[in-house]
Amino acid sequence: MERILITGGAGFIGSWLAEALLKTGRYHLTLLDNLSTGKRAHLPAPNTSSWSWIEGDANHRPTMEACMGDGGFDFVFHYAAVVGVQRTQEHPMKVLEDIDGLKNILDLSHQHRVKRVFLASSSEVYGEPVELPQHEETTPLNSRLPYAVVKNLGEVMLRAYHKEYGLPYTIFRFFNTYGPRQSEDFVITRFVQQALRHAPITLYGDGEQTRTFCHISDNIEATTAAMMQGHFINDVVNIGNPNQISIRALAEHIIAETQSRSPIIHLPALEDGDMQRRQPDTRKMEQLLPRALKSLQEGLKDTIAYLR
């Protein structure tokens, strides 16, 4: 039975990844999380034979040495990170601490001969787009935000460890992902919660900035296929949905779906970090899925039901 480490394993995406892998019956998982944003409620049902739990910080070297020295891991998914636009902008030093976690994971994965490291990168590496859709080979490096810089650095580090030591990797560039278990400081969850309370839905600026939204089921099915089927080794894959919607139209759609009386309130535009466009080129991702991506209308149903 192959062994897998998931850092950030009690988080939104990490916990869904763990659940999907456990369902196969093929893996033993170790889930590590410092619970800064993850939740114990997201962990799988107790079953000591198929998974184990470590409450700890990937940025703390002794914790990771103890974890990986005992694990004998075949694969590592490094999903632990400070996330969320407001959180990453308010705590830039916490974001920079994630560099320590990257180095810990890569040093120890090389040392213990991990078969492949999977990194949760971000669409933020694209900065303000120079082309749409945004292709994996075009990264303009025009964002100065600490979060974007750290994600870029993480990608560079994986390539360097592969070149120097032959450590295999796959980089997942996550675009906006949504679904049950997502924390409330992300746009869809926040809008749905406001709508369910009939409270004002607040959006920054004129609301004409566009985003795309990937349902968690599409994310998980694609990323697990990349591992289990051996695809995109030493490569980068956008994980997202190519269909754009303006933030204002998203708010209007959620109001309609929840039958809410919420008004839409415009707040001042963010000073930095609110890119005007996001749209992934998903041709690589679509090779990993045997079906079409979920539409926003379809995906919102279980998100709204969960938040009710």
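The residues of region 228-275 that are open to solvent by less than 30 Å² (accessible area, probe 1.4 Å), under 16 Å from Phe174 (Cα atoms) and at pLDDT 95 or above, listed by number, are Val236, Val237, Asn238, Ile239, Gly240, Asn241. Among the residues of this structure, Thr177 counts as one that is hydroxyl-bearing (Ser, Thr, Tyr) and buried (at least 16 other Cβ atoms within 10 Å of the Cβ).
Every test in (1) under 20 Å from the mean Cα position of the chain (by Cα); (2) surrounded by fewer than 21 Cβ atoms within 10 Å (Cβ to Cβ) is passed by Glu298 save one, and that test is (1).
Gly207 passes every criterion in (1) more than 26 Å from Thr37 (Cα to Cα); (2) at pLDDT 95 or above apart from (2). Consider Asp218 carefully, then state whether it is closer than 30 Å to Thr24 by Cα, surrounded by fewer than 16 Cβ atoms within 10 Å (Cβ to Cβ) and modelled with pLDDT of 95 or more. Criteria not met by Asp218.
Taking the conditions (1) farther than 16 Å from Asn59 by Cβ; (2) surrounded by fewer than 22 Cβ atoms within 10 Å (Cβ to Cβ) in turn, Tyr126 satisfies each one other than (2).
Among residues of region 89-117 that are touching a residue at least 60 places away in the same chain (Cβ under 8 Å) and under 16 Å from Arg159 (Cα atoms), those with a beta-carbon under 8 Å from a residue that is open to solvent by 20 Å² or more (accessible area, probe 1.4 Å) and in a helix (DSSP H, G or I) at least six positions away or on a different chain give the pairs Leu106/Met157; Leu106/Tyr161.
The values are calculated or read from the model by the stated rules, or taken from the named source; none is laboratory data. In this text, all values refer to a predicted model and were calculated from it rather than measured experimentally. In this analysis, Cβ positions are derived from the backbone assuming ideal geometry, glycine residues included, and neighbour counts consider all displayed protein chains. Remember, those area values only see protein heavy atoms, side chains included, never the ligands or the DNA or RNA. Shrake-Rupley method; radii C 1.70, N 1.55, O 1.52, S 1.80 Å.
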